[in-house]
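Just so it is clear, none of the values below were taken in a lab; they were calculated from the coordinates. Keep in mind that what you see is a predicted model, and the values were worked out from it rather than measured. A quick note on method: Cβ atoms are made from the backbone with ideal geometry, for glycine too, and the neighbour counts reach across all protein chains shown.
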Amino acid sequence: MPTVERPASITGMDVLLAVLLVLVIGLLFAQTPSRRESARTAYRLAALERRLALVMQHLGVPDPDPLPVEVQEHLARGDKIQAIAAYRKATGVGLAEAKEAVEAAVRRGLHV
C-alpha cells in the first residue's frame, strides 16, 4: 500500500519566528532616517557653516583648521580633484571625508 505524505504543519514556533522577523525588520526601517531627512540635515549644516564662516571673517577670527597649502594652490587653479587628492595625502582621511572637507572650504570661500 502506498504511503501518503502529509504536508508539514505550521507550528506555533514557526509563527513566532515569522512575527519576530517582521518586527525586527519593521524596527530597522523605523530607526533609519529617510533620505529627505538626511538631505535636510546636510543642507542645514552647510548653511550653518557658511554663517559661521561669515561671522568669523567679520570678527577677524582665523580659521582654526586651515587647508594645507598644496590644497589651497590646487583650488586657486580650479583643480578640485587634485585638491581632494592632496587633502587625502596631507591628512590621511578617506575619499568621502576629503571631498566633503574641500567642498566645505569652497562653500566658505577659504581657498582664496
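Summary of computed values
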read-out: Degrees between helix 95-108 axis and first principal axis of the chain (Cα, 0 to 90, nearest 10); value: 40 degrees
read-out: Sorted by Cβ neighbour density within 10 Å, fewest at the top, the residues 11, 3; value: 3, 11
read-out: Pairwise FRET efficiency - residue 93 versus residue 56, Cβ, R0 = 25 Å, nearest 0.05; value: 0.65
read-out: Convex hull of Cα atoms in the stretch 18-112, direction-averaged projection (nm²); value: 8.5 nm²
read-out: Separation of alpha-carbon centers, the stretch 9-40 and the stretch 62-77, rounded to whole Å; value: 46 Å
read-out: Highest to lowest packing among 33-45, 69-81, scored as the average C-beta count within 10 Å; value: 69-81, 33-45
